[in-house]
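Comments concern the structure below.
The values are calculated or read from the model by the stated rules, or taken from the named source; none is laboratory data. If you're wondering where the values come from, they're calculated on a predicted model, not measured in any experiment. With ideal geometry, Cβ positions are generated from the backbone for all residues, glycine too; neighbour counts draw on all protein chains shown.
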Amino acid sequence: MKNLLRPAQLIPVLLLLALAVLPPIAVGMQDNFWVSFFARVLVYAIAASALNIALGFGGLVSLGHALFIGIGMYSVSLPAYYGVSSGWVHLLACVLVCALVGCATGLISLRTSGIAFIMITLAFAQMGYFVIVSLKQYGGDDGMGITAASEFFGLQLNTPMSVYYCAWGVLVALTWWVLRLRASPFGMALRAGRQNARRVMSVGLALQRYQLAAYTLSAVLCGVAGMLLANLNAYASPSSMAWTVSGELIVMVVLGGLGSVFGPFLGALAFLGTEEVLKAATEHWMAVFGLAILAVAMLGKTGIAGWLLNRSAKEGQA
Amino acid sequence: MKTLLQTEVLTKRYGAILVTDKVSLDVREGELHAIIGPNGAGKTTLINQLSGELRSDSGRIRFGDADVTGLGINARARMGLVRSYQITSVFDEFTVLENTTLAALGARTHAFRFWKALLGDREALAAAVEGIEAAGLRARSHVLASELGYGERRQLELAMALAARPKFLLLDEPMAGMSVQESAAVVALLKTLKRKYTILLVEHDMNAVFALADRISVLVYGRLMVTGTPEEIRGNEEVRAIYLGEEEIA
């Protein structure tokens, strides 16, 4: 618990707590935009945390995680289309399909490594994208509206506020778990594999099984983020599973701090926040945004979380 | 004494080059068996075949009562056939204790545990501490592997092998690149390990080999030329001929 008092932990924890009390204040100020915006931040933070398990811990550079966001979205919209609004059904569909697809694509992708792994995960995601686009009866290119939001215990995720708190709860639980996971045998085996794959094998651990489990786990969690996103937008569309989304997730994780516990949250917040501010300031926001990301990348490979950690380490020495 | 590890006409070729040429070797339980040979004799290739990192083209490897020819390195490590590397191979971002505990855990069980900390695993931790102490790294337990000196990294390599509580240790040049003092420390360490473990040692340092080994096998161009006690090897004319001009046999 003493660790929580260090800036590297304290700042993200305070940010999370601040986000818990933000909605009533925003509503009091008659400003619903910020609730929707931060709900989106929370959802992407969940997706980035999920990717971080594969990418940050396992070193598996997947450029196809948008596929799982898409599966999550459509596991809300498709049952809803047929009048099923039970959140448990949505969740079950999401978990099952993501686990199945994650496991199958993971099995094939993990036979490769490096650039080939990146390309093959991208290829799978594009396949999923074009399958959805080709399903004209479900809106195809245009996507489909969601008339019946997921319902858990009588609570409907049909307002930004309800999605917001649901996402907040999921993110806090997930972050807490990742904190444990990082030092657990599973997390250590994964992180060891990223540093020296050969050595993990000679230690007696079948690395590929852990990598496959990590990839599947991260796929399922990404799917949950997709479910929340579908409810937030009341819409499921193929554009949310475009390959650029996979790229943005990677940028969030790297920006925040690869393999750190709070990094993905900080990364999602910084990424979407900067995007929003720049969009308001200039039409050519993308050019400025690129430079901003470049600047952070040059700060070092440990991202925002690493920067906070280094700062506190220096203060500790002084 | 019972044979613990046995190879039968083990062969490995890289294209046209025969790197391991019908090697039939037996290592008895409890002995320290050394393999020597000039550079390029195929010592590391042989170690890689024994550890399971490299598939053999033909021949068999028996470990205890089991045929392990078809098993991979992680399966062999689980059975107690544990190796250390010539080029130090540790996890740089982990501390000495984390490195060693992971090695201890991997030898014993799987890592499909998602909540309790690795360092909270008492059994693995106890084995790790034992390995660290045996390797003489106790004071450096909480230092990152990346911050260790060269000799210390070699010690960590040994600690990781020992933490696995192996039946059989494959040591690939544990003294490579060490200073005289560091080498002496490792020789002293290996002396304490002798008899507790069955050890197959590949080493260039002839003084160390002749001081430690119960039996020595000489590998030349992938072929096992002769196996014998240090005295027999020292008196062998063929061995002398091979090493003549290269270095004096102790």
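Which residues, counting only those in segment B:99-126, are basic (Lys, Arg) and in contact (Cβ under 8 Å) with a residue 12 or more places away in the chain? Step through it out loud before you land on a result.
Kept after step one, since they are basic (Lys, Arg), are these residues of segment B:99-126: B:108, B:113, B:116, B:122.
Selection gives B:108 alone.
Annotation for segment A:270-287: at least one member residue is closer than 21 Å to residue A:40 by Cα and basic (Lys, Arg).
Scanning segment B:156-165 for residues that are surrounded by 20 or more Cβ atoms within 10 Å (Cβ to Cβ) and either within 13 Å of chain A (Cβ to nearest Cβ) or more than 13 Å from the chain's Cα centre (by Cα) (or both) yields B:156, B:157, B:159, B:160, B:161, B:162, B:163, B:164. Out of the residues in segment A:178-198 meeting the condition of being more than 8 Å from chain B (Cβ to nearest Cβ) and among the charged types (D, E, K, R), tell me which one is nearest to residue B:157 (Cα to Cα). Across segment A:178-198, the extreme among qualifying residues is A:194.
With the structure loaded, tell me whether residue A:172 is in a helix (DSSP H, G or I), at pLDDT 90 or above and more than 14 Å from chain B (Cβ to nearest Cβ) or whether it fails that test. It is true that residue A:172 is in a helix (DSSP H, G or I), at pLDDT 90 or above and more than 14 Å from chain B (Cβ to nearest Cβ).
Answer with yes or no whether residue A:181 is over 30 Å from residue A:25 (Cβ atoms) and under 21 Å from the mean Cα position of the chain (by Cα). Spell out the reasoning first.
Details: over 30 Å from residue A:25 (Cβ atoms): yes; under 21 Å from the mean Cα position of the chain (by Cα): yes.
Considered against the rule, which asks whether it is over 30 Å from residue A:25 (Cβ atoms) and under 21 Å from the mean Cα position of the chain (by Cα), residue A:181 comes out as yes.
Output the residues belonging to segment B:180-198 that are polar (S, T, N, Q) and within 19 Å of residue B:89 (Cα to Cα). Before the answer, list the steps.
Initially, segment B:180-198 is screened for residues polar (S, T, N, Q), giving B:181, B:183, B:192, B:198.
Result: B:183, single match.
Can you spot a residue in segment B:140-147 that is of a type in the set (Asp, Glu) and under 18 Å from residue B:87 (Cα atoms)?
Checked against the condition, which is being of a type in the set (Asp, Glu) and under 18 Å from residue B:87 (Cα atoms), segment B:140-147 yields at least one hit.
For residue B:154, indicate whether it is assigned by TED's automatic domain parsing to the domain that holds residue B:103 and at pLDDT below 90. Taking the combined requirement at face value, the residue satisfies it.
Which of the residues spanning segment B:106-116 are facing chain A (nearest Cβ under 7 Å) and within 24 Å of residue B:73 (Cα to Cα)? Before you say what the answer is, go through the steps one by one.
Just the residues of segment B:106-116 that are facing chain A (nearest Cβ under 7 Å), to begin with: B:106-107, B:111-116.
Correct list: B:106, B:107, B:111, B:112, B:113.
Only a single item in (1) in contact with a Leu (Cβ under 7 Å, 6 or more places away or on another chain); (2) touching a residue at least 24 places away in the same chain (Cβ under 8 Å); (3) more than 13 Å from chain A (Cβ to nearest Cβ) is not met by residue B:151, and it is number (1). From the list B:96, B:143, B:129, the lone residue that is in contact (Cβ under 8 Å) with a residue 60 or more places away in the chain and among the aliphatic types (A, V, I, L, M) is B:96. Residue B:119 fulfils the conditions (1) away from chain A (no Cβ under 14 Å); (2) surrounded by fewer than 23 Cβ atoms within 10 Å (Cβ to Cβ); (3) among the aliphatic types (A, V, I, L, M) except for a single criterion, (1).
Residue B:142 meets each of the listed conditions (1) closer than 26 Å to residue A:177 by Cα; (2) at pLDDT 95 or above; (3) crowded, with 19+ Cβ neighbours inside 10 Å; (4) out of contact with any Phe, Trp or Tyr (no Cβ under 9 Å at 6 or more places or on another chain) apart from (3).
Assess whether residue B:59 counts as being surrounded by fewer than 19 Cβ atoms within 10 Å (Cβ to Cβ) and out of contact with any Lys or Arg (no Cβ under 8 Å at 6 or more places or on another chain). It is false that residue B:59 is surrounded by fewer than 19 Cβ atoms within 10 Å (Cβ to Cβ) and out of contact with any Lys or Arg (no Cβ under 8 Å at 6 or more places or on another chain). Quick one: would you say residue A:230 is aliphatic (A, V, I, L, M), away from chain B (no Cβ under 11 Å), part of a helix (DSSP H, G or I) and closer than 22 Å to residue A:246 by Cβ? When the stated conditions are applied, residue A:230 passes them. Suppose we keep only residues that are surrounded by fewer than 24 Cβ atoms within 10 Å (Cβ to Cβ) and of a type in the set (S, T, N, Q) within segment A:215-245. Which one would you say is farthest from residue A:72 (Cα to Cα)? So the residue we want is A:244. Tell me yes or no: at least one residue of segment A:253-265 is under 30 Å from residue A:138 (Cβ atoms), at pLDDT 95 or above and assigned to a helix (DSSP H, G or I). No, the conditions are met nowhere in segment A:253-265. Does residue B:200 fit the bill of being at pLDDT 95 or above and closer than 18 Å to residue B:173 by Cβ? The answer is yes for residue B:200.
Across segment B:84-105, the number of residues qualifying as under 19 Å from the mean Cα position of the chain (by Cα), within 7 Å of another protein chain (Cβ to nearest Cβ) and surrounded by fewer than 22 Cβ atoms within 10 Å (Cβ to Cβ) comes to 1.
I'd like the residue in segment A:199-211 that is at the interface with chain B (Cβ under 7 Å from one of its Cβ atoms) and in a helix (DSSP H, G or I) and, out of all such residues, is nearest to the chain's Cα centre (by Cα).
A:210
Restricting attention to segment A:136-164, the residues that are surrounded by fewer than 19 Cβ atoms within 10 Å (Cβ to Cβ) and either touching an Asp or Glu at 6+ places or on another chain (Cβ under 7 Å) or among the aromatic types (Phe, Trp, Tyr) (or both) total 3.
Tally the residues that are more than 10 Å from chain A (Cβ to nearest Cβ) and of a type in the set (A, V, I, L, M), restricting the search to segment B:58-80. Before the answer, list the steps.
Taking segment B:58-80 first, the residues more than 10 Å from chain A (Cβ to nearest Cβ) are B:58-71.
Those left that are additionally of a type in the set (A, V, I, L, M): B:61, B:66, B:68, B:71.
So the answer is 4.
Residue count for segment B:128-146 satisfying the condition of being within 14 Å of chain A (Cβ to nearest Cβ) and over 16 Å from residue B:101 (Cβ atoms): 1.
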